[in-house]
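For reference, the structure is listed below as structure tokens.
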Ligand code: CA
């Protein structure tokens with residue numbers, strides 16, 4: 001099995017050295033980039049398993065790099081863990097909104113950092129499994145990821161492309177609630193000309209097309225939407 005490759009984007013030599021030492025000791029392959037632009041190029045070239053991204057970077061700051069990585073076809077599905085200084089909470093929230101998976105605040109304990117990376121990698125592996133599977137089945141509803149179709153009792157529900165992506169996204173994370181903004185970021189990309197209100201319209205249309213299975217898409221008032229977790 002190939003070693004898991006971590007791209008570390010960090011400009012401070014001391015922290016870089018600490019990260020390299022600890023990640024290598026734990027069996028990771030480490031690639032480094034010392035500014036935002038180099039980080040973007042390395043992400044596209046190296047296809048790392050995970051990106052550890054400092055927010056304060058020369059040339060291209062960490063948030064802008066995060067935004068670009070999540071918009072690029074080659075890099076958008078690579079999990080990102082942000083490295084932040086104390087007092088950067090608002091940047092953390094922005095970064096999570098852009099699609100970063102987690103963050104670690106400096107100064108960090110190397111052991112804790114590695115544990116956080118491993119948790120994100122486990123979540124990614126579970127998600128990849130669902131994405132590689134061709135179908136998601138929830139009772140009479142079958143979501144055919146290869147054909148981009150949702151079937152109810154074997155009949156095509158007639159979802160539009162956007163509706164399908166939205167439903168498939170929710171169904172891949174059953175039981176997890178997503179805000180309208182998160183749905184826009186994950187499903188449509190941050191630049192999409194879509195408002196939270198549009199998401200409500202899509203959801204209403206999906207429910208109508210699901211007919212008797214409409215209850216699978218649940219509304220959490222004041223929060224967002226989730227796909228119902230079926231009891232085993
Ligand atoms: Ca820095």
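The values are calculated or read from the model by the stated rules, or taken from the named source; none is laboratory data. Computed from a prediction, not measured in an experiment: that's the story for all the values here. Glycine also receives a Cβ, built like all others from the backbone with ideal geometry; neighbour counts cover every protein chain displayed.
A few notes on this one:
- Evaluation of residue 204 against (1) more than 28 Å from residue 72 (Cα to Cα); (2) under 23 Å from the mean Cα position of the chain (by Cα); (3) assigned to a helix (DSSP H, G or I) (one fails), failing number: (2)
- Residue within region 55-77 that is assigned by TED's automatic domain parsing to the domain that holds residue 14, within 16 Å of the ligand (Cβ to nearest atom), part of a strand (DSSP E or B) and touching a helix residue (DSSP H, G or I) at 6+ places or on another chain (Cβ under 9 Å) present: no
- Meets criteria (assigned by TED's automatic domain parsing to the domain that holds residue 21 and in a helix (DSSP H, G or I)) for residue 121: yes
- Filtered by the rule that a residue be under 18 Å from residue 100 (Cβ atoms) and part of a helix (DSSP H, G or I), region 21-54 gives 36, 39, 40, 42, 43, 44.
- Sole residue being away from the ligand (no atom under 14 Å from the Cβ), free of Cβ contacts under 8 Å to residues at least 12 places away in the same chain and surrounded by fewer than 18 Cβ atoms within 10 Å (Cβ to Cβ), chosen from 14, 41: 41
- Region 163-183, residues that are out of contact with any strand residue (DSSP E or B) (no Cβ under 8 Å at 6 or more places or on another chain) and at pLDDT below 85: 181
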